[in-house]
């Protein structure tokens, strides 16, 4: 009986040890699986942005002055592509609208063929897009005071959007009030008052324009040449400048939730004008910064409320 009892105890000990090991190992395996899935999805999203690079370049090749498409203004201003301006042949695959890591459900694609032009535009405007489209050359998006606006300094149209934000979406960072990217905010503000501004360069008070000047240029084929004072700048210089101009990126937010991030840990793939894609952690350099995220949250909240 003693030996039998001992065997039972030994079995119980083994079972308990295995259970404890399982409790320790399973979360690690789960995290490893999530990391593997995220790495795959991040690569897929980067691939979709490269597809967007081709779509946008083809649009620019056919458009007046080589302009890229305007941002969406229906039913409200949103930093996304105005899909209604794209030739349907360019957007035959609407799957590139949605990053696989985006936990928000993609909008069902309506039957577009039977719709009137205005109804088609509204239907396209209501489609969920996982990617932010910038529309202009934004080169002053860092989180530094001279490139930012506090909420009390916002133009009236944006101040109204700020008041719509729930308090949880506008926390302070390290005890300081959040700032909004001045260059982006001052460029987008006129579009809130009239859609025509979405197709034009923005004229701002220096140093809010490109390179500290007064003009924020629309994204366009060859726009890099406008960003240098050297009329005979070599191709290598222009290629370097194009590689520094962001065009599209994964959506992200400053809200205290990860639901608005396509990628965990928080960060974003960024597509540049020369067609390359790079990943930046949040908060990070350039457009993946808190001042940009706050403006995106304001516009996204307003856009969702109008759908």
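The values are calculated or read from the model by the stated rules, or taken from the named source; none is laboratory data. Values in this document were obtained by computation on a predicted structure and should not be read as measured data. FYI the Cβ positions are ideal-geometry reconstructions off the backbone, even for glycines, and counts take in every protein chain you see.
Checked against (1) within 16 Å of the chain's Cα centre (by Cα); (2) surrounded by fewer than 17 Cβ atoms within 10 Å (Cβ to Cβ); (3) at pLDDT below 90, residue 305 passes all but condition (1). Filtered by the rule that a residue be buried (at least 21 other Cβ atoms within 10 Å of the Cβ) and over 19 Å from the mean Cα position of the chain (by Cα), the stretch 138-153 gives a lone residue, 149.
Table: residues versus (1) within 20 Å of the chain's Cα centre (by Cα); (2) in a helix (DSSP H, G or I); (3) modelled with pLDDT of 95 or more.
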residue: 6; (1), (2), (3): no, yes, no
residue: 14; (1), (2), (3): no, yes, no
residue: 17; (1), (2), (3): no, yes, no
residue: 29; (1), (2), (3): no, yes, no
residue: 39; (1), (2), (3): yes, yes, no
residue: 56; (1), (2), (3): yes, yes, yes
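Scanning the stretch 212-238 for residues that are part of a loop (DSSP other than H, G, I, E, B), surrounded by 15 or more Cβ atoms within 10 Å (Cβ to Cβ) and within 25 Å of the chain's Cα centre (by Cα) turns up 217, 219, 221. Residues that are touching a strand residue (DSSP E or B) at 6+ places or on another chain (Cβ under 8 Å), modelled with pLDDT of 95 or more and over 18 Å from residue 50 (Cα atoms): does the stretch 266-282 have at least one? Checking the stretch 266-282: not a single residue is touching a strand residue (DSSP E or B) at 6+ places or on another chain (Cβ under 8 Å), modelled with pLDDT of 95 or more and over 18 Å from residue 50 (Cα atoms).
Considering only residues that are assigned to a helix (DSSP H, G or I) and under 20 Å from the mean Cα position of the chain (by Cα), look in the stretch 154-168 and name the one that is modelled with the highest pLDDT. Filtering the stretch 154-168 for residues that are assigned to a helix (DSSP H, G or I) and under 20 Å from the mean Cα position of the chain (by Cα), the one modelled with the highest pLDDT comes out as 158. For the stretch 85-92, the count of residues that are surrounded by 15 or more Cβ atoms within 10 Å (Cβ to Cβ), over 16 Å from residue 247 (Cβ atoms) and modelled with pLDDT under 80 is nonzero.
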